[in-house]
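No lab work stands behind these numbers, since they all come straight from the coordinates. All figures in this text were calculated on a predicted structure; none of them were measured in a lab. So basically every Cβ, Gly included, is an ideal-geometry build from the backbone, and we count neighbours across all protein chains shown.
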Amino acid sequence: MKIHEYQGKELFRQAGVPVLDGIVATTPDEAVTAYDKLGGKVAVVKAQIHAGGRGKGTIKDDPSQKGVVVCKKAAEVRKAAEGLLGKTLVTIQTGPEGKTVNKVFVEAGCDIARELYLGIVLDRAAAKPVLMASTEGGVEIEKVAEETPELIHKEHFDPAIGLEAFQVRKLCKKLGITGAAAKAASRFMPAICRFFVDYDCSLTEINPLVITSDDQMIALDAKITFDSNALFRHKQLLDLRDLSEEEASEVRASEFGLSYVKLDGNIGCLVNGAGLAMSTMDIIKYHGGEPANFLDVGGSANAEQVTEAFRILLSDPNCKGVLVNIFGGIARCTTIAAALIEASQTVGFNVPLVVRLEGTEVEEGRKMLAESDVDIINATDITDAAKKIVAAAG
């Protein structure tokens, strides 16, 4: 689950991670009021969307309008808010379709001496969180990682212990941080690592992390993603969820216990198991097709879930065919077959449907489908299924 910058900064503040004062606004008038409350000096108006790269992003219909605007007067704040609110912001992370800006964050300015990058993710290979820091703050970190990876410095840490003092000193040396700024780092870096662990984050990113002229270290950004599987431990975070920022079909799928991710292709995939979903998408691409989605109904799929899965798949106008690839382990093939028959009667299939069943009670499941009036294309194995759906979907 992702949250907005202004929400992340409030959590940072509560966790002892230094941030600047700021106020969220949904109208130009609210933005001007926020500017006045912050002291009426330098302020920054920031578009609030669930994507990075806002500083270099532009409004789709007005390339001169950036997603982050530095303002020195109330009139400039109003103009920036009017140029952002209700408009579509396109960044390197949104793709060309962009995201609609419904809120802006008006934040007090500060005297910046240096800009750095800091991010924390889980390194699955090391089975530990890893803190990444770079001198290349304020720029596209993806580009830095690709072109100059040696500029990204890493320190793995034990989640039970946190980032240790010697690790902070190592990073400060590599980043060229000395004196009072190093003392600030000795407080900031362990605090942000504790935050990552305490909130079960999958990503905590600050770009830029700034050192001010008086050697303070401040989070000038807050990009946070929480592990959805751990939200039962943090129910208060559910109030921060902004459904308008999420794909409607993905939200709908989650309500029925389905794992769904919308993609750009034209072949829907209905499978049981994440690994099977990945291999199904791979083999579709191998044979020249493009998956329209990742849809995993899980190991205990029932008729209601399969029916809803088809509703979601067929609601995508780009979906020109569906591949059902089921390996019956926990879920029996007869259960899936019965669910397919019921779904066909409830939803109706208006695109080609290729079905490959394997596993527990497979013969009985195939017989049920054969004796039904469901219009399907049977496949003997996954390769056969991929070839048939790519051909059927055109």
MRE, 222 nm, helices only [DSSP H, n ≥ 4, -39500 (n - 2.57), over the chain, to nearest 500]: -10500 deg cm²/dmol
With the cut-off at 26 Å, tell me which of the pairs K87/K235; K60/K103; K9/K87; K37/K79 have Cα atoms farther apart than that. K87/K235
Find which of A337, N266, P18 sits farthest along the positive direction of the dipole of the chain, computed with +1 on the beta-carbon of Lys and Arg, -1 on that of Asp and Glu, about the Cα centre. P18
So the angle from the long Cα axis of helix 179-198 to the longest Cα principal axis of the chain, reported in degrees to the nearest 10, equals 30
Nearest 10, in degrees from 0 to 90: the angle of helix 362-371 to the longest Cα principal axis of the chain is 70
Given a Förster distance of 41 Å, the FRET efficiency implied by the Cβ-Cβ spacing of K285 and A15, rounded to the nearest 0.05, works out to 0.45
Quick one: go through the range 312-339 and flag any residue whose amide nitrogen is under 20 Å from the point 7 Å out along the Cα-to-Cβ line of K60. 316-319
Here are some values of Rg and Dmax of the Cα atoms in Å: [x] 20.7, 69; [y] 24.9, 79; [z] 20.5, 65. Which one was computed from this structure? [y]
Test of understanding: in a Gaussian network model of the chain with alpha carbons linked when under 10 Å, which of V347, V45, V324 would top the mean-square fluctuation ranking? V347
Which residues qualify? For G57, with a placed amide H closer than 5 Å and at least 5 residues away or on another chain, they are G67
The rounded separation in angstrom of the Cα centers of the range 175-200 and the range 1-52 is 22
Computed over the chain: relative contact order in percent, which uses C-alpha pairs under 8 Å that are six or more apart: 12
What FRET efficiency comes out for the pair E146/T346, r = Cβ-Cβ distance, R0 = 41 Å, nearest 0.05? 0.30
At a Förster radius of 56 Å, what calculated FRET efficiency corresponds to the Cβ-Cβ distance of A391 and Q216, to the nearest 0.05? 0.35
Cut-off 20 Å, label point 7 angstrom out along Cα-to-Cβ of K367: give me the residues of the range 334-350 whose amide nitrogen falls inside. 334-342
In percent, what relative contact order does the range 21-108 have, based on Cα pairs under 8 Å that are 6 or more apart in sequence? 43
What does the charge dipole of the chain about its Cα centre add up to, to the nearest 20 debye, if the Cβ of each Lys and Arg holds +1 and the Cβ of each Asp and Glu holds -1? 1240
Taking the Cα centroid of the range 318-394 and of the range 218-297, what is the distance between the two, rounded to the nearest whole Å? 22
